[in-house]
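Data block below; observations after.
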Amino acid sequence: MGRVPEDFAVVVDAGGTIAVWSAGAERLLGYGPAEVVGRPAGDLLAAGLPESARRHVAVGHRVATEVALRHRDGDRLVVRLQGTPLSDAGPGRLWLVTGAAPASAAGRPEPGSEALWDLTLAQLPVPVAVYDREARLVAANEVMAQVMGMTVAEMRGRTLAEIEPSPPFDEYDRLQRQVLRTGETVFHENHGKAPGETREHAWSMFMSPLKDETGTVQGVSAAVFDTTEQYWARQRLAVLNDAGLRIGSTLDVSRTAEELADVAVTGFADFVTVDLLESVAMGDEPGPVPPDQPVTVLRTAQRSVLDGCPESVVAAGGTIRYPVGTPPMRSLTGGRGTRHTAGEPGMQQWIRASQARAESVTKYMIHSVMLVPLRARGVTLGLVHFLRHRTAESFSEDDLLLAEEIVARAAVSVDNARRYTRERRTALALQRSLLPDRPRDMAAMEVAYRYLPAGSGADVGGDWFDVIPLSGARVALVVGDVVGHGIHASATMGRLRTAVRTLADVDLAPDELLTQLDDLVIRLDREEGPEARGRAQDASGEVGATCVYAVYDPVSRRCAMARAGHPPPALVTPDGSVRFLDLPAGPPLGLGGLPFESVEVELAEGSLLALYTDGLVEAADRDIDVGLTLLRDALGGPAAPLEETCDQVLRTVLSDRPGDDIVLMLARTAALDSGKVRTWRLPRDPAAVAGARKLAGEQLAAWGLAEAEFATELIVSELVTNAVRYGADPIVLRLIRDTTLICEVSDGSGTAPHLRRARVFDEGGRGLMLVAQIAERWGTRQTPTGKTIWAEQSLPTGAHRA
């Protein structure tokens, strides 16, 4: 409590306007007479007068009470003043305000009350009062009079409910009567503002019966102890416990900052802001804070005891610039928390640098500030501002220690969230870079897909998908899910996707491709397990995956597919009915030694295939059968654009943010027009080569592709010659006009040719070299009856591709 100069004197007229201002008043509050004379005295109050003081003023009685005043520099000053009405003021009452006189000794008990008064300890430096058998005050010491804001004479003979007719004094009156009735001591604790106080205190009250020699209750003594320090110590401990429970519940930087602000506001501050370095908010590694350069921070979170944080001058998500030399900048670079009052020169300079900030400090009477840097593992992450305006007391050294402890705990959680954010973003970027950018335009089918990474509570998974064009206008579809999460799962996914593309180029059947992929997963597991160096052949089981692989041929409209521990594909027929294909489940990839089986299905033109990962249909709060039922419902009905169908499926099947990665791929099949495919069976006779060239030339002319006739006849000649010379019956020539011109020659031999460079005197070996030079792509694939050698050419410029 501030000390009042002896020459402090202020005269206030009946309208509450200051009429006289002494030199002592100027020294106490910093205002000169010219600044305050003629102004309302209420402008100098930092808080309202105590209730008891207002009552005394209203009836014109002298009053001595605590008053919270506002210093010229913005500080809050609590002093004890005395107001005395001047009797010769004429029709209007003048008040003389001075420093309160020293506490006088307690009044003597009236005759007849000496026996009761002797049972009390009148000289205790704590509030003490004595009440008779009717719960009316008999005597009280001066400390009690100061707390109540009334003289002993004013309170004598009245009950507590009559002295102060407001809560919680009605409860105190009830407790006194309980003591008189039962004769048992009552202990009561309360936190609030006494009538003669400007600040809240914690009070521990003992109401004890006063008994005579016969044991008869003659009255009640009330001894009140100020336990504010103990109360705040318990509050600080509770705040620390609360911080341990509430801060760091998620791995989200913004949410962690909000939890810190929530704990502080519900604990000991009136307004809290959390400003993070921009790099930290983005999840990047923060660098050292340069002391000689301004720093820009991001307002990540803010909380207030007032709805909507009206004190804030920057919205959450906005940026703030800390100039060099300002208190926030010094605290940020110094790495230690600091306490300030609003009236400090350095703080005043910082406040006045922003008109909005200055107006907010004045309007909401912000008087005490703590600045505590967020630091974890030796790195500065940001700065936390703690402010008080509704709480009368300024922040203490214990408050600063509490704030530093809470911020230190929160800083570790913020740094963990930042590291997680960076790793997740890296994994997600890696995963997205390994997935297709957009569906390709293909005559065989129309494709649309959705990829949803896991929610914020889990790492990025290893789900992947791909659409792979194959020879003969065929298309391969693959969807897979790697076991685990994080960068390791994303990297494994990328290796498996690459392997699938490589194996697909070899034109393996679905079951054979999964067998090769299974061997690859086993090798990866042996190489990457935690004990890989000391283990030569045992698998750890840490690398695994599920997969479904399908190959669709638009010429035959047949689709061959196999799966390895993956959910079955859904098929939607053109009439809108939905069923899940009965594919043999197969073991997950990485187990080894177990077979995979392919199933071939004929699809009507316009059928819809839905391939997906288990994250779509599985959820913690429901059975997988429920998810499959929802998927069936979402896919059924009249045909709609694939993009709309994808969105419809996600809206129907997903109830919340996914806990695992999700891939959904929809493919609507098409069939090549019979007019775009021509097939001829050729005899195994060298003379058939010329006939094959002629047939090809005539067909190209019919398709309007005469420009490609020479190159195509040359390719047909070499491939048919190769089949006649080295192959077996039956020999079949097929031309396909798709987005490219495809030439295929099949025969009954399983021996595949190899491209090699012919030597000078070799008679053969130049045919495939020639084909490779003419065609854009060429290759060979095995068939149930032998092999097929194929070559693709671009359509001539201007050719109709429909």
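The values are calculated or read from the model by the stated rules, or taken from the named source; none is laboratory data. Predicted, not measured: the structure shown is a model, and the values here were computed from it. Neighbour counts run over all protein chains shown; Cβ positions are idealised from the backbone, glycine included.
Quick look at the numbers
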quantity	calculated
Filter pass, Ser254 being out of contact with any Phe, Trp or Tyr (no Cβ under 6 Å at 6 or more places or on another chain) and assigned by TED's automatic domain parsing to the domain that holds Leu137	no
Any hit, the range 595-613, residues being of a type outside the set (A, V, I, L, M, F, W, C), closer than 27 Å to Val482 by Cβ and within 29 Å of the chain's Cα centre (by Cα)	yes
Selected residue (only one of Gly16, Gly30, Gly24 is touching a Pro at 6+ places or on another chain (Cβ under 6 Å) and at positive phi)	Gly16
Residues being under 30 Å from Val152 (Cβ atoms) and assigned to a loop (DSSP other than H, G, I, E, B) - total across the range 15-49	5
Pair list, Cβ < 8 Å and 6+ apart or interchain, from the range 510-527 residues that are in the same structural domain as Gly565 (by TED's automatic domain parsing) to residues that are of a type in the set (Lys, Arg)	Leu514/Arg563; Leu520/Arg495; Leu524/Arg495; Arg526/Arg535
Test: residue in the range 649-665 that is touching a strand residue (DSSP E or B) at 6+ places or on another chain (Cβ under 8 Å) and either assigned to a helix (DSSP H, G or I) or assigned by TED's automatic domain parsing to the domain that holds Ile731 (or both)	yes
Single unsatisfied condition, Leu583 versus (1) surrounded by fewer than 17 Cβ atoms within 10 Å (Cβ to Cβ); (2) free of Cβ contacts under 8 Å to residues at least 40 places away in the same chain	(1)
Complete set of residues in the range 374-396 that are hydrophobic (A, V, I, L, M, F, W, C) and at pLDDT 85 or above	Leu374, Ala376, Val379, Leu381, Leu383, Val384, Phe386, Leu387, Phe395
In the range 307-343, the residues that are touching a residue at least 40 places away in the same chain (Cβ under 8 Å) and more than 21 Å from Leu374 (Cβ to Cβ)	Pro310, Thr341, Ala342, Gly343
Search result, residues across the range 50-71 that are assigned to a loop (DSSP other than H, G, I, E, B) and at pLDDT 85 or above	His71
Cβ-Cβ under 9 Å pairs, at least 6 apart or on other chains, the range 431-444 side at pLDDT below 70, far side of a type outside the set (Lys, Arg) and assigned to a loop (DSSP other than H, G, I, E, B)	Gln431/Pro453; Gln431/Val460; Gln431/Asp661; Asp441/Thr739
Residue match in the range 730-748 (condition: free of Cβ contacts under 8 Å to residues at least 60 places away in the same chain, out of contact with any Pro (no Cβ under 6 Å at 6 or more places or on another chain), assigned to a helix (DSSP H, G or I) and over 12 Å from Thr788 (Cα atoms))	no
Qualifying residue in the range 482-497 (condition: of a type in the set (A, V, I, L, M), part of a strand (DSSP E or B), crowded, with 16+ Cβ neighbours inside 10 Å and at pLDDT 80 or above)	yes
Matching helices (runs of 4 or more DSSP H) fully within the range 264-374 where at least 1 residues are small (Gly, Ala, Ser) and touching a strand residue (DSSP E or B) at 6+ places or on another chain (Cβ under 6 Å)	278-281, 327-334
From Leu672, Leu631, residue being outside any loop (DSSP other than H, G, I, E, B) and in contact (Cβ under 8 Å) with a residue 40 or more places away in the chain	Leu631
Scope the range 247-292; condition over 22 Å from Pro323 (Cβ atoms), hydroxyl-bearing (Ser, Thr, Tyr) and in contact (Cβ under 8 Å) with a residue 24 or more places away in the chain; matching residues	Thr250, Ser254, Thr256, Thr266
Matching residues in the range 214-247 - criterion: being part of a strand (DSSP E or B), closer than 21 Å to Pro125 by Cβ and out of contact with any Phe, Trp or Tyr (no Cβ under 6 Å at 6 or more places or on another chain)	Ser221, Ala222, Phe225, Asp226
Selected residue (criterion: nearest to the chain's Cα centre (by Cα)) from residues of the range 1-55 that are of a type in the set (Asp, Glu) and farther than 24 Å from Val361 by Cβ	Glu51
Residue count, the range 100-127 (criterion: closer than 25 Å to Arg3 by Cα and either of a type in the set (A, V, I, L, M) or at pLDDT below 85 (or both))	11
Residue within the range 198-213 that is outside any strand (DSSP E or B) and of a type in the set (A, V, I, L, M) present	no
Criterion (crowded, with 23+ Cβ neighbours inside 10 Å and not β-branched (Val, Ile, Thr)) met by exactly one of Gly382, Gly378	Gly382
Ala692 vs. criteria modelled with pLDDT of 90 or more, assigned by TED's automatic domain parsing to the domain that holds Ser490 and touching a Ser or Thr at 6+ places or on another chain (Cβ under 9 Å)	no
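Here is a yes/no grid of residues against (1) farther than 20 Å from Gly317 by Cα; (2) surrounded by 24 or more Cβ atoms within 10 Å (Cβ to Cβ):
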{"residue": "Leu237", "(1), (2)": "yes, no"}
{"residue": "Leu240", "(1), (2)": "yes, no"}
{"residue": "Gly244", "(1), (2)": "yes, no"}
{"residue": "Leu251", "(1), (2)": "no, no"}
{"residue": "Ser254", "(1), (2)": "no, no"}
{"residue": "Ala257", "(1), (2)": "no, yes"}
{"residue": "Gly267", "(1), (2)": "yes, no"}
{"residue": "Val280", "(1), (2)": "no, yes"}
{"residue": "Pro294", "(1), (2)": "no, no"}
